[in-house]
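Notes for the one structure printed next.
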Amino acid sequence: MNEMTPIERAKLLLDKFFTTRSTTCIQFVGERACITCEKRDSCKTIEKKLEDYGNVKLLVAGNSAMLSISFSLKIDIEQFMLEKIVNSLERAQEYPLMKAEEGFDLTFYTKYGQAVSQEQQFIAITKILDFLSESPWIEMKMLINKWITEVIEKLNVQIRRDLPKVTLTTAPKVERSKIFAPKSEALTEPSSPPLKERIAEPTTTSPPPDFREPVTKTEPSDVIYQEFIRRAKIPKQSFFLTAEERKNEFAIWPPSVKRKEFGERVPSTIEIPSVTEATKKVGPEKPTIPESYIPKGEKFELRIFEKKPAEERTLSPMPTDDPFKILNYLEQLVKSNYEMRKMADLFDEGREEIEKTMFYTDFLSEMSKIADMLRKADPELTLNKFNRENILKKISNWKSSPIWKSFFRKKKEEE
Amino acid sequence: MSGLVLKKSGLVPTTKILIIPRWNDLLGTTFKGFYANRIVSKIHLDSVIMLSNLECAITEKTGTSYFLFGLGLYFLKFELDNGSYILDQRELNGLLMADFVYDYMATAKQITLTNDDDVIINELAIKIPIDLSKKTETQQTFIKGALMRNVFIPYKEVILRLLEQGKKQDSYSVDQTGYKILSSHPNNFNRILVSDAFKTVKHSDYIQPTAGVSNIQFLADKLLEEFFSSQELQIIKQSIKSLKGIVAKVKVDTNYLFSLLEMIRAELQVKEVIT
């Protein structure tokens, strides 16, 4: 069975603590507290009770009683904080406390006939003992830790402010391939080296002399603190036999070991952008390759698109009376290396002449389009092979149109 | 032994099964890890199961650590970023638990059997002692029901994997491969610590990164030498080997996993009688 804690024992002694009664002192005038009387030990008119358990001591003498408790506090800060709390409670006067008896941390005091009722005193003492049994030191240490972190952060900010200003430079360009390829590296917390390297250069050289390695420091949030405070008050389940010794202790999760928030939902999947999304994020522009990297060989152009300079030549006048002859004329014109812009004028002219003579044609719009195309060409250039073949094919189609049959028949009849 | 040790409990023999259904939930880590040079996108299951027969508490300046030795398995089901679904496992013969992790585990909300101190089923861990013979028949029936519902059915796969691993001839060969300890010690948080024997190419598969754990380090020998004498290490080895011998021998009805406890207890009793 576990030994009783000082607080538990003190609670058990409370009934005896409140057994003070009214006394009539034969030696001193006035209502003197028997417990502080120097003739207490020799006085035969009062009833005395003393129970000393080492860390808890109860002394009842006549009209007053003292209950002193000593806590086995481990660190100075806990002792200091307890003294502070006790002093504050003592100053408040409504609590049944007095200056702690020598060798004890806390002393409750009561005297018969006080203004504060015994019931109120009992409640106050119980509450104080309950508070102390709930390990307030964990909460206190957490607050101190938090305060230390804040102070360090403040100092950091102040130091950074006083540092000389740094001019920003543009970030170096990152190759497109590097944006996507080593995505895994960004997350490689452990990034263990390949096996061969590990075999060649094992932990004997690289690891620290001790197996203890520092862990990245992060401060847990308030939610985590609250959860730990809550858990510190829960009785522990016994998983290991060897942990029984620490049954009444609770180790705080160290700030150096980060843990996720309670109830925090970790994204179930890592968002990996699709290729199209990734392209959008990077931007549709393709990376520009410096001109110096482009190999400068001979300028290559397909022969059919090769631009050729126009030949200067005088042309015979265009026939005006016969549309078929006009088409033949234009066909010859296309075959020659005449300048395209001038050719455009002749196509327009030929179209107008044909329009005058023929009532219905199905190729005039196409002639107009060709004229427009030729007019947009660069000056002093003739048709390339591709365009020439296209136009000649069209003219050949025009010439083979069925409208010519009726046209020639009509012409014959006229003749 | 290291001068850093302030207090040591000695090796305490207790045979029990400890299951930690979600190792990363216990440690509160968000790191999912890597597998075969790919990012792990989701961990469906990362259970730790230990059939242990030795434990030890060591108090240092920084706090207390609990060692658990026996046959263990870190069993994983996870998904890679390319959508592949992977099942992986790492054999363990030790578990190192820091005091703050233990306290966190020991204060988790109990799911059932709240009045029983021996069998614990809480939100973060499960402890089943092998020997339930001290319980009354009524208690045993009640515990059996609770275990079937809350442990043997939901964690059947993990338990069967451990048994399967234990039956393999070359498994848990502590003499050849040394130690494999899953650690939550603050200085080796969420790591598997292995012996130097793993530096050889023969065991290269084991030290490949896997989901959940931060990494695998060759620190087990160094760590154990810090805390245990060679005599103690010999006892640990013997206990692992004897447990392996038992698991290799027992025949368990896979439809009635409670028989596992009965069989192991029977084998342990036989061993006790022989020794």
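The values are calculated or read from the model by the stated rules, or taken from the named source; none is laboratory data. Values in this document were obtained by computation on a predicted structure and should not be read as measured data. Note that we place each Cβ from the backbone using ideal geometry, even for glycine, and neighbour counts take in every protein chain shown.
Assessment of region B:152-162 against the conditions (among the acidic types (Asp, Glu) and either more than 14 Å from every other protein chain (Cβ to nearest Cβ) or on the phi > 0 side of the Ramachandran plot (or both)) yields at least one matching residue. Within region B:80-118, the residues that satisfy the criterion of being within 12 Å of chain A (Cβ to nearest Cβ), among the hydrophobic types (A, V, I, L, M, F, W, C) and closer than 24 Å to B:LEU182 by Cα are B:LEU80, B:LEU95, B:LEU96, B:MET97, B:ALA98, B:PHE100, B:VAL101, B:MET105, B:ALA106, B:ALA108.
Every residue in region B:63-79 that is facing chain A (nearest Cβ under 9 Å) and of a type in the set (A, V, I, L, M, F, W, C), please.
If we filter region B:63-79 for residues that are facing chain A (nearest Cβ under 9 Å), which is where we start, we get B:63-64, B:66-68, B:79.
The answer is B:PHE67, B:LEU68.
Within the bounds of region B:59-68, is there any residue that is acidic (Asp, Glu) and modelled with pLDDT of 90 or more? Within region B:59-68, none of the residues are acidic (Asp, Glu) and modelled with pLDDT of 90 or more.
When region B:195-211 is limited to residues that are modelled with pLDDT under 90 and of a type in the set (Gly, Ala, Ser), the one that is farthest from B:GLN176 (Cα to Cα) turns out to be B:SER204. Applying a threshold of 9 Å to beta carbon distances and a minimum spacing of six or more residues, or different chains, the list of pairs starting in region B:191-205 at a residue that is under 15 Å from B:GLU91 (Cβ atoms) and facing another protein chain (nearest Cβ under 8 Å) and ending at one that is among the β-branched types (Val, Ile, Thr) and surrounded by fewer than 21 Cβ atoms within 10 Å (Cβ to Cβ) reads B:SER204/A:ILE199. For region B:226-256, a residue qualifies if it is of a type in the set (Asp, Glu) and touching a residue at least 40 places away in the same chain (Cβ under 8 Å), and the qualifying residues are B:GLU226, B:GLU232. The sole residue among A:SER365, A:SER401, A:SER336 that is surrounded by fewer than 13 Cβ atoms within 10 Å (Cβ to Cβ), out of contact with any Gly (no Cβ under 9 Å at 6 or more places or on another chain) and either in the same structural domain as A:PRO323 (by TED's automatic domain parsing) or farther than 27 Å from A:ILE304 by Cα (or both) is A:SER365. When region B:206-226 is limited to residues that are over 14 Å from B:LEU95 (Cβ atoms) and in a helix (DSSP H, G or I), the one that is nearest to the other protein chains (Cβ to nearest Cβ) turns out to be B:LYS222.
Does A:VAL86 satisfy being among the β-branched types (Val, Ile, Thr), crowded, with 16+ Cβ neighbours inside 10 Å and free of Cβ contacts under 8 Å to residues at least 40 places away in the same chain? In short, yes.
Applying the criterion of at least 1 residues that are under 30 Å from A:PHE28 (Cβ atoms), of a type in the set (A, V, I, L, M) and at pLDDT 90 or above to the strands (runs of 3 or more DSSP E) found wholly in region A:48-115 leaves A:56-61, A:64-69.
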